[in-house]
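Each remark here refers to the structure printed beneath this line.
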Amino acid sequence: MEFKRTRVLRGHVGAVLCARFTKDGAYCLTCGADRTIKLWNPQRDAPKTGALLIKNYSGPHVKEVSHIAVADDCARFASCGGDKTVFLWDVATGAVSRRFEGHMARVNCAAFCAPGDQLLATGSYDRTLRFWDLRARNAQALQVLDDFGDSVTAVAVAKAPNDVDAPRRFGYGGSSRPQARSSAPPPSAAVVTGC
């Protein structure tokens, strides 16, 4: 397989620290040392920026934005970085819908998980992996894994290949009445971290 450059995206001031495509590959989000996040349409050419810059997201981060994760529905994304904070954004409005605090050092990585991307996993230099319930009103971590020997620099979550039956793992079995819900991530979810 041969790769070739099709576009160069220009617009950040300073280093670009992360780039993520949406699940369908139609759009791309970038973030960087300039504390901004940019939404691009890499399929459309633009003279000054290389690709069509759709939206700039800025404001809440006071230090560099080191990572972004995009929800499968492309309606939300999460950003994290040097300010020890994680923000959940609404793509269409550009507004921050949630703010998660609790890490004691730079947050390096984030990944959506669970059916419907209802959980967010974040890893940090503080040697913890935290799971946040995006359905809950409180901003406390649902679960904290703190037995890492070094900083958590990457997280990947394996999703079920077909999430149509996933509600069964979240407390809704084959019967018509709901079963007791567990506050932990679903047992069939695999989490891989990098230290």
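The values are calculated or read from the model by the stated rules, or taken from the named source; none is laboratory data. Predicted, not measured: the structure shown is a model, and the values here were computed from it. Glycine gets a Cβ as well: all are built from the backbone with ideal geometry, and neighbour counts include every protein chain shown. Heavy atoms of the whole protein, side chains included, go into the accessibility calculation; ligands, DNA and RNA do not. Shrake-Rupley method; radii C 1.70, N 1.55, O 1.52, S 1.80 Å.
For the range 109-120, which residues satisfy the criterion of being open to solvent by less than 10 Å² (accessible area, probe 1.4 Å) and over 18 Å from Leu29 (Cβ atoms)?
Those that are open to solvent by less than 10 Å² (accessible area, probe 1.4 Å) and over 18 Å from Leu29 (Cβ atoms): Cys113, Leu119.
Quick check, is Arg44 in a loop (DSSP other than H, G, I, E, B) and out of contact with any strand residue (DSSP E or B) (no Cβ under 7 Å at 6 or more places or on another chain)?
Working: in a loop (DSSP other than H, G, I, E, B): yes; out of contact with any strand residue (DSSP E or B) (no Cβ under 7 Å at 6 or more places or on another chain): no.
The answer is no for Arg44.
Could we say that Ala51 is free of Cβ contacts under 8 Å to residues at least 12 places away in the same chain, open to solvent by less than 30 Å² (accessible area, probe 1.4 Å) and over 19 Å from the mean Cα position of the chain (by Cα) here?
Details: free of Cβ contacts under 8 Å to residues at least 12 places away in the same chain: no; open to solvent by less than 30 Å² (accessible area, probe 1.4 Å): yes; over 19 Å from the mean Cα position of the chain (by Cα): yes.
Criteria not met by Ala51.
Of all residues in the range 64-77, count the ones that are free of Cβ contacts under 8 Å to residues at least 40 places away in the same chain and open to solvent by 60 Å² or more (accessible area, probe 1.4 Å).
Residues in the range 64-77 being free of Cβ contacts under 8 Å to residues at least 40 places away in the same chain and open to solvent by 60 Å² or more (accessible area, probe 1.4 Å): 0 in total.
Restricting to the range 86-110, give me the number of residues that are small (Gly, Ala, Ser) and within 15 Å of Ala121 (Cβ to Cβ).
Residues that pass the stated criteria total 2.
Filter the range 30-59 for residues that are out of contact with any Lys or Arg (no Cβ under 7 Å at 6 or more places or on another chain), over 20 Å from Ala154 (Cα atoms) and not basic (Lys, Arg) and give the result.
If the condition is that a residue be out of contact with any Lys or Arg (no Cβ under 7 Å at 6 or more places or on another chain), over 20 Å from Ala154 (Cα atoms) and not basic (Lys, Arg), then Asp34, Thr36, Trp40, Asn41, Gln43, Asp45, Ala46, Pro47, Ile54, Tyr57, Gly59 are the ones that fit.
Can you tell me how many residues in the range 78-108 are crowded, with 23+ Cβ neighbours inside 10 Å and acidic (Asp, Glu)?
The number of residues fulfilling the criteria is 0.
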